[in-house]
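Let me begin by presenting the structure, written as structure tokens, before commenting on it.
The values are calculated or read from the model by the stated rules, or taken from the named source; none is laboratory data. This is a predicted model, so every value here is computed, not measured. Cβ placement follows ideal geometry from the backbone for every residue including glycine, while neighbour counts extend to all protein chains displayed.
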Amino acid sequence: MRWQPFLLSGLLLFGTGCGASSASTPPSAGADSPVESTSSAASTPGEDLDWWAYLAENSESVGLVFDDGRGTTWSTGADEPKPFASTRKILHLAAYSLAVADGEIDPASTVTLGEWEAYYLEGTDGGAHPAALEELGIDPADKDQEVPIDDVVHSMIKFSDNTGTDLLRDRIGDQRMLDAAARIGWEPTELPNFLGAAIALLMPEHADEGHDALAERYLADEEFRSAVLEQKLPNWDEQVAWAEELGRVEPRHIDELHRRLVEDGLGEQAAAEIAVPHLSWTQLEGVTAKGGSFPGQLSDSWALRHDDGTLSSITFVITGMSMEDWGAGLGGGHQMVIYEALQDPEAAERLREAVGAE
């Protein structure tokens, strides 16, 4: 049976001639200036990578933290900041869960679809937002429809809706997010603004203004908004260079945040009871997960609650992927490797050896 990938992660896909207002598509064989694969593990178009071979050949591009919950831990690049794309949204969930647990946010409180979509930049999320609306049964034409904020959070985790992520950050406030990070000793150098980051990619001449400022202009200035919507996605190399510098976090912070959030709610058990159902969207028994992807990179943070109550976890990121390898990697085969390693000590040891971890 083919592995069903659990990667719906707010992608910015390489496209040719696609405006920001048009949905982009993965590269075809005829795309301009394709980056050829140099990996012997690369598969033919439409097939997944041989991930065991690929990881062994590209171990220098991997960041990984493993903890089996029984005393065995190992890592590679745990303290080296890596771009974690949408996997960082675990922090948004942590801040939201703590705010709900403290009575500061009512999960049944609502926003209108119009308020939610104020942050939407069509064609830059791999179809995540439309997919979320479809599952929730929301008519995209009804901008006055009320949506519970908890449904927005669900969309952020399961579909990796960037639009909902930016809305949630504004609703819970930056201090809540910083406080959540501080509970594991993490001091983020930046908080994600996915709308602003996308604008910086589309209009690099404005990048120095900062992602938050660009997002504010988009929300408040109709002329600027129209100009953004007229832009075309840049080429693959430019997208990769942009993504490589975006959202860099030490893998150990992502792993500890995930573990602590599901273990004890970062010190407030009620927060764990809010967060775990959101992270359990894969329907794999005992698994909590969040993944992410931008051009040339894939990341995931998974945890598995075993029958004896122990919690094993893996936080994984790989960068520097060619267009061909990345496109094949979106099949989610790396997630099968993660899942096997969480379940089976022999698979975990095989993974450790493949990436050269200690």
- Item | Output for segment 149-192, where each listed residue is hydroxyl-bearing (Ser, Thr, Tyr) and buried (at least 24 other Cβ atoms within 10 Å of the Cβ) | Ser155, Ser160, Thr163, Thr165
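When you go through Ala94, Ala108 one by one, which is the residue that is among the small types (Gly, Ala, Ser), exposed (fewer than 15 other Cβ atoms within 10 Å of the Cβ) and in contact (Cβ under 8 Å) with a residue 40 or more places away in the chain?
Answer to the check: Ala108.
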- For segment 118-177, the count of residues that are farther than 23 Å from Leu214 by Cα and at pLDDT below 95 equals 0
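Out of Leu214, Leu201, Leu195, I need the residue that is touching an Asp or Glu at 6+ places or on another chain (Cβ under 6 Å) and on the phi < 0 side of the Ramachandran plot. Which one? Give the steps one after another, and end with the answer.
Numbers: Leu214 fails: touching an Asp or Glu at 6+ places or on another chain (Cβ under 6 Å); Leu201 fails: touching an Asp or Glu at 6+ places or on another chain (Cβ under 6 Å).
From the options Leu214, Leu201, Leu195, the qualifying one is Leu195.
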- Index of the failed condition, Val287 passing every other in (1) closer than 20 Å to Thr73 by Cβ; (2) surrounded by fewer than 19 Cβ atoms within 10 Å (Cβ to Cβ): (2)
- Yes or no: Gly265 modelled with pLDDT under 95 and touching an Asp or Glu at 6+ places or on another chain (Cβ under 8 Å)? no
- Query: Looking at (1) more than 19 Å from the chain's Cα centre (by Cα); (2) at pLDDT 95 or above, which is the one condition that is false for Glu358?
  - Reply: (2)
- Message: Is it the case, given these coordinates, that Ala341 is buried (at least 22 other Cβ atoms within 10 Å of the Cβ) and within 21 Å of Gly71 (Cβ to Cβ)?
- Response: yes
